[in-house]
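Structure record follows, encoded as structure tokens.
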């Protein structure tokens, strides 16, 4: 794991089942994450992924690549375009900093509408 | 006092109060909720038996299906103030979480939150709004185990969804209600172009026609380049053409638009070329037809969509 290393591209199919099951598993019961009629009434095009799930996906993307031995220290994310039901969310990542055992990985998650999430994950690798 | 001053005063008052009283999670950290989370996220990490994924920290203290905010919750208080000021919609924009250590099954978390910053009003792609930043700390007993800076945008929706407007006669293309996320950049309308935008409002695509020699021209101008006459008229296009050329715009971001989008140069059957957004996968030579999208009472935008060959 060196500066400049790229993470393999990863695709998540945001099916309605995925959007709803992750919203409920993160105990987020806002209607825009499970009720399409209300989501549209509120000016959205469909239900969309909640922020706690985006945090979880970013963490998973990094630990799937880095392996289960690393410790996750920080997940910082900025949200852009919503990830709607039926969108494909494509993740890209790269190691941008390394200080001894501490690595910073920059992550972008993108849909056809633009960047859904940009952020950094800080991990600590085993000695 | 202006709205801005009143909101800032309330924000300062809430920030002054500091952290709210600790709010206890409904359940201790537990394996069934961890398993549900892993299953939904699709995470097969083998280390989460007896230990929770760090990114779950906020899950433990979510208010739940019938959750109500406590009276001293600073985010709730700030949301009510902005609701009253007309900023009724909310969207999360930033979450910065720091995990001091991993959490064990059986540990019972509580959370405290303070208001860090309220900034606005800002113009955003979604509408005018205020950014509200809070800072939360999760505790196990007296030990701080994780922290989060959380920012939301509380905004006035730029365009509420509209009911279907009456469409024109069947021979002319229907005027569609705008998708709610559309917030078009407005054209500058002047005496040369007024007839064009008046036309789109009526579901007509108008082409400038010289009052002297009859030459069709677009974009509109005050004088005919052929005969010099300055009394232009117009004719109404049938609304069909072919893609002469196009670009796919990826960057930079355009207010109210989601990238990528296609801007095509359409050669109308009447002979002139016209720029417009094309909805669909573009190709040169493709047959297209005009679509009118009503933005509001003053503005209807023409765009293009592929047309089946006849």
- Query: Considering the Cα trace of the protein assembly as shown, what is its radius of gyration and what is Dmax, both in angstroms?
  - Reply: 26.5, 87
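How many Cβ atoms of partner chains, on average, are near each residue of A:76-85 if near means within 10 Å of its Cβ?
Details: counts 7, 6, 5, 7, 4, 5, 3, 0, 0, 0.
Across the residues of A:76-85, the mean count of other-chain Cβ atoms within 10 Å is 4.
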- Query: Relative to the longest principal axis of chain B, what angle (0 to 90°, nearest 10) does the C-alpha long axis of helix B:74-84 take?
  - Reply: 30
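Which whole-number percent gives the relative contact order of chain B, counting Cα pairs below 8 Å spaced six or more residues apart?
Values: 609 pairs, mean separation 40.0, N = 310.
Worked out over chain B, it gives 13 percent.
Please give the length that would be gained between residue B:116 and residue B:13 if that part of the chain were fully extended, namely 0.36 nm times their separation in residues minus their C-alpha to C-alpha distance (nm, one decimal).
Values: separation 103, 0.36 × 103 = 37.08 nm, distance 1.15 nm.
The residue B:116-residue B:13 span can extend by a further 35.9 nm.
Take peptide B:59-66, look around each residue's Cβ out to 10 angstrom, count Cβ atoms belonging to other protein chains, and average those counts. Working shown, then result.
Details: counts 8, 1, 1, 5, 3, 3, 3, 1.
The per-residue average across the peptide is 3.
Per-residue Cβ counts within 10 Å, from other chains only, averaged over B:50-57: what number is that? Mind showing how you got there, number by number?
Numbers: counts 0, 0, 0, 6, 9, 14, 7, 3.
Averaged over the peptide's residues, the number is 5.
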- Item | Ascending count of other beta-carbon atoms within 10 Å, so fewest first, for A:47, A:20, B:207 | A:20, B:207, A:47
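Based on the Cα atoms of the stretch A:6-124, what semi-axes does the equivalent ellipsoid have, where each is the square root of 5 times one gyration tensor eigenvalue, given in whole Å with the largest first?
Working: eigenvalues 158, 38, 25 Å².
Working through the eigenvalues yields semi-axes of 28, 14, 11 Å.
What number, in nm² with one decimal, is the all-direction average of the projected area of the convex hull of the alpha-carbon atoms of the stretch B:175-306?
On the way: hull surface 32.1 nm².
Over every viewing direction, the Cα hull of the stretch B:175-306 projects on average to 8.0 nm².
Figure the gain on full extension for residue B:44 and residue B:108 (residue separation times 0.36 nm, minus the Cα-Cα span) and round it to one decimal in nm. Could the numbers behind the result be given before it?
On the way: separation 64, 0.36 × 64 = 23.04 nm, distance 2.47 nm.
Length gained between residue B:44 and residue B:108: 20.6 nm.
Please work out how much length the chain gains when fully extended from residue B:31 to residue B:249, using 0.36 nm per residue of separation minus the C-alpha to C-alpha distance, in nm with one decimal. Write down the numbers at each step before the final one.
Numbers: separation 218, 0.36 × 218 = 78.48 nm, distance 4.72 nm.
Taking 0.36 nm per residue and subtracting the Cα distance, the gain is 73.8 nm.
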- Item | Efficiency of FRET from Cβ geometry, residue B:185 and residue B:265, R₀ 22 Å, rounded to 0.05 | 0.75
- Query: With the Cα gyration tensor of the stretch A:1-49 giving a ≥ b ≥ c as the square roots of its eigenvalues, does the rule (a/c under 1.5 for rounded; else a/b larger than b/c for prolate; else oblate) give rounded, prolate or oblate?
  - Reply: prolate
- Quick one: what Rg and Dmax do you get for chain B from the alpha carbons, in Å? 28.0, 87
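Read-outs: derived from the displayed coordinates by stated rules, not from any lab. All figures in this text were calculated on a predicted structure; none of them were measured in a lab. All Cβ positions, even for glycine, are placed from backbone atoms using ideal geometry, and neighbour counts span all protein chains on display.
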